[in-house]
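K.L.:
This structure is in structure tokens; I'll ask about it shortly.
The values are calculated or read from the model by the stated rules, or taken from the named source; none is laboratory data. These figures come from a predicted structure and were not determined experimentally. All Cβ positions, even for glycine, are placed from backbone atoms using ideal geometry, and neighbour counts span all protein chains on display. Ligands, DNA and RNA are stripped out before the accessible areas are found, and what is left, the full protein with its side chains, is counted by its heavy atoms. Shrake-Rupley method; radii C 1.70, N 1.55, O 1.52, S 1.80 Å.
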Amino acid sequence: MKKVLLIISGGIAAYKSLELIRLLKQSYQISVRCVLTEAGSHFVTPLSLTALSGDRVFSDLFSPTDEQFGHIQLSRSADLVVVAPATADIIAKLAAGLANDLASTLLLATDKPVVLAPSMNVKMWEHPATQDNIIRLSSRGTHIIQPEEGDLACGEQGAGRMAGPEVIAAEINRLIVGINLKPLKGLKAIITTGATQEMIDPVRYISNHSSGRQGYSIAESLAFAGADVTVVSGKTNVIPPNGLKVVHALSAIDMLQACEKLLPADIFVGAAAVADWRLDKILSQKIKKTAGTDKLQLNLVKNPDIISVIGHLRDTIRPKLVVGFAAETDDLVSNASRKRLEKNCNWVVANFVYQPENVFDNTHNTVTFITEKATESWPRMNKKQVADRLVARIVEFFKK
Ligand code: C5P
């Protein structure tokens, strides 16, 4: 039987964790051992947790009676460590590496994947401190189950409500299956991500707004599913997750060469925003503002289309699955479908640039998934969820 160590910290959503324990045990045959923080004990009692989990509840870092369950053993006794609800406080502690009670100590001591289901007031959730912590933790490989939007217990409205127990239980099950089965084991994947930079002179360059977040999320999900992943990264503001192989390549030509060096591969995902044009000749000196001239002309030449080059490789060397992206401002499906054919991609993940907020540098994305056979509109999700859904399709593709 698979085991989850469930840490319950102090949020009103703690009542949902009781249902989560029941669901994990009954619907997924996953056993649960609970750790209750001091704040959490104001919302649910050890007695309810023991009754539902069928196990004792741990709260004290320095308990003489729990010696055989020291924090190190406890943190490693499960297949997965889940914090639900995860308050702003415990998220901040984990991001900063603080360990001053049993829950925070376990989170640092564990060698198992960690899942957080945040729960808090909308302002606390949207606060840059919390958002920075979440980005930092995601980039270290912590799984975040995004809170939902709606009425909050404090009477306000917005994002911050802990995801429902069914959503969390399904995600825990998916992760436990992923940990054990590694369905993409033995397959090699190359992912391009971020923005290219085409130098103009020693100080200026042509680039774009891509954050690289979507590509890194896909790389993480692929690695989690067992693939051997290398990210070819342009300019990005993502801290690469631990354990991912990353090759840096700034210009389109460098990026293409880096990809070609990594071939052969089974999966190629082109999520980078690659400049279509570069300067025909990079200037060796900084362009001066010459008195009396109001215009400057730069000569641009076309860049190679990386994904098209990879897509059109001969069958023996072409990755079996080539996935492109298409960010459009109009005629989404027809433009993206045309690109799928022109670039010889198996699939294209298309999205509007404005949805209505700019998709670049945004945590969420609403995409249309286009294959030879079908066009599917996926609901608005965070980029990690888009990545997980795409990787689920990749797993299906290779099963066949
Ligand atoms: O044609 P467009 O730039 O919209 O196509 C986007 C897709 O093509 C993305 O997958 C992007 O990574 C890829 N691309 C590329 N090389 C280029 C331009 C785009 O690989 N020079």
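K.L.:
Got a sec to turn the phi values of the range 263-269 into Karplus ³J(HN,Hα) couplings, 6.51 cos²θ - 1.76 cosθ + 1.60 with θ = phi - 60°, whole Hz, x for Gly and Pro?
P.N.:
5, x, 8, 8, 10, 10, 10
K.L.:
Further, regarding this structure: Please give every one of the lysines within straight-line cross-link reach of residue 25, meaning a C-alpha to C-alpha distance under 22 Å, and leave out same-chain neighbours fewer than 8 residues apart.
P.N.:
Partners within reach: 2, 3, 16, 112.
K.L.:
Hey, what do the phi angles of the range 116-124 turn into as Karplus ³J(HN,Hα) couplings, whole Hz, using 6.51/-1.76/1.60 and θ = phi - 60°, x for Gly and Pro?
P.N.:
Using θ = phi - 60°, the values come out as 10, 10, x, 8, 5, 5, 4, 5, 5 Hz.
K.L.:
State the extension gain, in nm to one decimal, for the chain segment bounded by residue 92 and residue 328, taking 0.36 nm per residue of separation less the distance between their alpha-carbons. The partial results should precede the final answer.
P.N.:
Details: separation 236, 0.36 × 236 = 84.96 nm, distance 3.68 nm.
Computed gain between residue 92 and residue 328 is 81.3 nm.
K.L.:
With springs connecting C-alpha atoms under 10 Å apart, model the chain as a Gaussian network and identify which of 230, 290, 142 has the largest mean-square fluctuation.
P.N.:
Per the Cα network of the chain with a 10 Å cutoff, 290 tops the list.
K.L.:
Round to a whole number: what % of the accessible area of the range 2-180 belongs to carbon and sulfur, probe 1.4 Å?
P.N.:
Values: 4270 of 7740 Å².
Taking all protein chains in place, the range 2-180 shows 55 percent carbon and sulfur surface.
K.L.:
Next up: Restricting attention to the range 106-179, which GluC sites (Glu not before Pro) occupy a DSSP loop and are surrounded by at most 15 other Cβ atoms within 10 Å?
P.N.:
Values: sites: 126, 148, 149, 156, 166, 171; in loops: 156.
Passing sites in the range 106-179 are 156.
K.L.:
Go through the range 308-320 residue by residue and turn each phi into a ³J(HN,Hα) via Karplus (6.51, -1.76, 1.60, θ = phi - 60°); whole Hz please, and just put x for glycine and proline.
P.N.:
Per residue, the Karplus-derived 3J(HN,Hα) values read 5, 4, 5, x, 9, 4, 5, 3, 5, 10, 5, x, 4 Hz.
K.L.:
Separate question: Accessible area per residue for the chain in Å², computed with a 1.4 Å probe and the full protein assembly in place, what is it?
P.N.:
48
K.L.:
I've got another one for you. With runs of 4+ DSSP H residues as the only contributors, calculate the mean residue ellipticity of the chain at 222 nm using -39,500 (n - 2.57) per run, divided by the residue total and rounded to the nearest 500.
P.N.:
Per the formula, -10000 deg cm²/dmol.
K.L.:
Residue 354 to residue 302: extension gain in nm, 0.36 nm per residue of separation minus the Cα-Cα distance?
P.N.:
16.1 nm
K.L.:
5 Å is the cut-off here: which amide hydrogens, built 1.01 Å from N in the peptide plane, fall below it relative to residue 159, excluding neighbours closer than 5 in sequence?
P.N.:
Amide H neighbours of residue 159, under 5 Å, 5+ apart: 150.
K.L.:
Oh, and also: Under a point-charge model restricted to the Cβ atoms of Lys and Arg (+1) and Asp and Glu (-1), what is the dipole moment magnitude of the range 2-180 relative to its Cα centre, in debye to the nearest 20? Let's see the in-between values first.
P.N.:
On the way: 15 positive and 18 negative charges, 99 e Å.
Roughly 480 debye for the range 2-180.
K.L.:
Give me the percent of accessible area attributable to carbon and sulfur for the range 182-399, probe 1.4 angstrom. Walk me through the numbers on the way to the answer.
P.N.:
Values: 5850 of 11190 Å².
Carbon with sulfur: 52 percent of the solvent-accessible area.
K.L.:
If you don't mind, there's one more thing I want to ask. If packing is taken as the mean number of other Cβ atoms within 10 Å per residue, what is the order of 301-307, 239-245, highest first?
P.N.:
Numbers: 301-307: 17.6, 239-245: 14.3.
Highest to lowest by the protection proxy: 301-307, 239-245.
K.L.:
A further question follows. In terms of the ratio Rg/(2.2 N^0.38 Å) built on C-alpha atoms, what value belongs to the chain? Don't jump to the answer; show the numbers that get you there.
P.N.:
Details: Rg = 23.8 Å, N = 400, 2.2 N^0.38 = 21.4 Å.
In units of the globular-protein estimate, the chain measures up at 1.11.
K.L.:
Between 31, 141, 129, whose Cα lies farthest towards the positive end of the dipole of the chain when Lys and Arg beta carbons carry +1 and Asp and Glu beta carbons carry -1, centred on the Cα centre?
P.N.:
It is 141, whose Cα lies furthest towards the positive end.
K.L.:
Going through the range 339-400, which GluC sites (Glu not before Pro) have at most 11 other Cβ atoms within 10 Å and a DSSP loop state?
P.N.:
Numbers: sites: 342, 357, 372, 376, 396; in loops: 357, 372.
Hits after loop and neighbour filter: 357, 372.
K.L.:
Now a separate question. Quick check: residue separation of residue 282 and residue 400 times 0.36 nm, minus the Cα distance between them. What number comes out in nm? Let's see the in-between values first.
P.N.:
On the way: separation 118, 0.36 × 118 = 42.48 nm, distance 4.72 nm.
Gain on extension, residue 282 to residue 400, equals 37.8 nm.
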